[in-house]
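K.L.:
I'd like to ask some things about the structure below.
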Amino acid sequence: MREKTQAPRNVQGVVSDLLEIGSRVQPFSKESRDKAPRIRDAKVVHSVCPYCAVGCSQNVYVKDGKVIDIEGDPTSFINRGTLCPKGSATYQYTVNSSRLTKVLYRAPYSDHWEEKSQDWAMKQIAQRVKQTRDETFVERLEDGREVNHTLGIATLGGATLDIEENYVIKKLLNGGLGIVSIENQARI
């Protein structure tokens, strides 16, 4: 035979008891209470996640000229403070000790990399684009049709580019340089 159990209490009574117990609990040690959050006094820089075309907003916390944390921006109507696993790893990507921060160049047939300046690299890119365009530019086809294009250069844009950036890229590369092969990672 079953013993009689105490009748269930009403919800208000249970909540009242929990609140009374909760007011007496010290959730943190003295050491924890005395510590300040690491993002206190940090400057917040609003940014956009670099991984896809969704454009999730991020808060980048900077202190003493260094990134100390990256979180989703809770005021964003796009992601409301949440980030996917790739977006959540943005901090690691930014401060990773293995991340290259200098231009490295390996000459053709060389067995080692050389450190170069960014100015040197940009000049090399500009010279090589101009040389390739000059060598492969076609003004007219054999039948006389005007085409003004080069098939010697192709581009691949990133998925995080917005519509304005893609417009400028299209105008510069297609209209200015005559590059026909313009693709975007978002379509691949």
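Taken together, the values in this text are just the output of simple stated rules run on the coordinates, not laboratory data. Treat the numbers as computed from the prediction; the structure is a model and nothing was measured. Cβ coordinates were reconstructed from backbone atoms using ideal geometry, including for glycine residues, and neighbour counts include every protein chain displayed.
K.L.:
Does K130 count as without any contact (Cβ under 8 Å) to a residue 40 or more places away in the chain, surrounded by 11 or more Cβ atoms within 10 Å (Cβ to Cβ), within 30 Å of the chain's Cα centre (by Cα) and farther than 30 Å from Y51 by Cβ? Break it down into steps so the answer makes sense when it comes.
P.N.:
Numbers: without any contact (Cβ under 8 Å) to a residue 40 or more places away in the chain: yes; surrounded by 11 or more Cβ atoms within 10 Å (Cβ to Cβ): yes; within 30 Å of the chain's Cα centre (by Cα): no; farther than 30 Å from Y51 by Cβ: yes.
No, not satisfied.
K.L.:
Among the residues of region 32-68, what is the count of those that are part of a loop (DSSP other than H, G, I, E, B) and of a type in the set (F, W, Y)? Before the answer, list the steps.
P.N.:
Of region 32-68, the ones part of a loop (DSSP other than H, G, I, E, B) are 35-42, 49-56, 64-65.
Next cut, of a type in the set (F, W, Y) only: 51.
Within region 32-68, residues that are part of a loop (DSSP other than H, G, I, E, B) and of a type in the set (F, W, Y) number 1.
K.L.:
Look at T136 and say whether it is over 27 Å from the mean Cα position of the chain (by Cα) and surrounded by 10 or more Cβ atoms within 10 Å (Cβ to Cβ). Before the answer, list the steps.
P.N.:
On the way: over 27 Å from the mean Cα position of the chain (by Cα): yes; surrounded by 10 or more Cβ atoms within 10 Å (Cβ to Cβ): yes.
Criteria met by T136.
K.L.:
Is there any pair with a first residue in region 82-101 that is surrounded by 13 or more Cβ atoms within 10 Å (Cβ to Cβ) and a second that is hydroxyl-bearing (S, T, Y) whose Cβ atoms are under 7 Å apart and which are 6 or more apart or on different chains, and what are they?
P.N.:
Matching pairs, first to second residue: K86/Y51; G87/Y51.
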